[in-house]
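A short worksheet on the structure shown next.
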Amino acid sequence: MAKAPDSLEKISAEVVGCPLCKLARTRKNAVPGEGQLAAKIMFVGEAPGRSEDDKGRPFVGAAGKILDEMLAKAGIQRSQVFITNVVKCRPPNNRVPEDDEVAACMPYLDRQIALIRPRIICILGRTAYSSLLGGSSITANRGKVIEKAGQKYFLTIHPAAAIYNKSMLSLLEADLKKLAKEVQKVEGGGASLEDFM
Ligand code: URA
Ligand code: SF4
């Protein structure tokens with residue numbers, strides 16, 4: 001029998017009932033991520049926090065408020081993006097996800113990426129940087145575009161780092177504006193129709 005094609009809905013349904021790592025035992029709600037299949041940018045954070053665990057939706061707490069504000073300032077529409085995390089369930093007390101949890105959860109993110117085929121993946125913070133690209137210092141590399149295996153990545157800090165830190169907030173704002181420009185560049189492949197209007 002032919003295998004049914006994969007879909008974002010199928011992935012979400014699997015995540016919601018996923019038993020594959022120990023975070024399944026302490027989560028209230030798994031958080032698959034949300035956005036359009038046609039999203040041009042994919043944002044990848046670390047893991048759901050308390051608000052996300054309560055609602056089953058990504059970036060809906062304090063860090064999400066910052067992300068929303070910065071997206072608006074960069075002129076990036078929510079409909080242009082897909083937002084998810086490296087691990088889909090909240091670690092107890094918001095500790096950093098452990099290697100076995102990241103390894104167990106990564107196939108879901110890989111499948112989301114394969115379906116969406118985003119023009120660029122925006123890495124939010126150190127956990128996403130190390131999990132997806134094996135990197136370590138996000139502060140030293142933020143603002144950079146990296147290409148790996150034909151996929152473009154943009155590196156920036158985690159919005160949670162900017163909650164009580166004005167200078168981090170300005171860095172995040174500058175980075176997301178740069179990301180918006182980068183996406184236009186990839187999209188237009190140089191000049192776009194708008195350039196002549
Ligand atoms: N922090 C994250 O990394 N992800 C969320 O969804 C919320 C806060
Ligand atoms: Fe499954 Fe990922 Fe949740 Fe672990 S974190 S239970 S692998 S969905």
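The values are calculated or read from the model by the stated rules, or taken from the named source; none is laboratory data. Owing to the predicted nature of the structure, the values given are computational and were not obtained by experimental measurement. Here the Cβ positions follow ideal geometry from the backbone for every residue, glycine too, while neighbour counts run over all protein chains shown. Remember, those area values only see protein heavy atoms, side chains included, never the ligands or the DNA or RNA. Shrake-Rupley method; radii C 1.70, N 1.55, O 1.52, S 1.80 Å.
Quick look at the numbers
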| item | result |
| --- | --- |
| Which numbered condition LEU124 fails, given (1) open to solvent by less than 10 Å² (accessible area, probe 1.4 Å); (2) farther than 28 Å from LYS10 by Cβ | (2) |
| Total residues in the range 21-39, condition under 12 Å from the mean Cα position of the chain (by Cα) and open to solvent by 50 Å² or more (accessible area, probe 1.4 Å) | 1 |
| Condition broken by ARG78, with the remaining ones in (1) within 10 Å of ligand 1 (Cβ to nearest atom); (2) in contact with a Gly (Cβ under 8 Å, 6 or more places away or on another chain) satisfied | (1) |
| Residues that are under 16 Å from MET106 (Cβ atoms) and β-branched (Val, Ile, Thr), drawn from the range 17-73 | VAL31, VAL44 |
| Per-region count, the range 98-115, residues of a type outside the set (D, E, K, R), in contact (Cβ under 8 Å) with a residue 12 or more places away in the chain and open to solvent by 10 Å² or more (accessible area, probe 1.4 Å) | 8 |
| Yes/no for LYS28 being modelled with pLDDT of 95 or more and in contact with a helix residue (DSSP H, G or I) (Cβ under 8 Å, 6 or more places away or on another chain) | yes |
| ASP6 being more than 14 Å from ligand 2 (Cβ to nearest atom), out of contact with any helix residue (DSSP H, G or I) (no Cβ under 9 Å at 6 or more places or on another chain) and modelled with pLDDT of 95 or more | no |
| ILE76 more than 13 Å from the chain's Cα centre (by Cα) and not in a helix (DSSP H, G or I) | yes |
| Sole exception among (1) at pLDDT 95 or above; (2) farther than 17 Å from VAL86 by Cα; (3) open to solvent by less than 30 Å² (accessible area, probe 1.4 Å) for VAL183, by number | (1) |
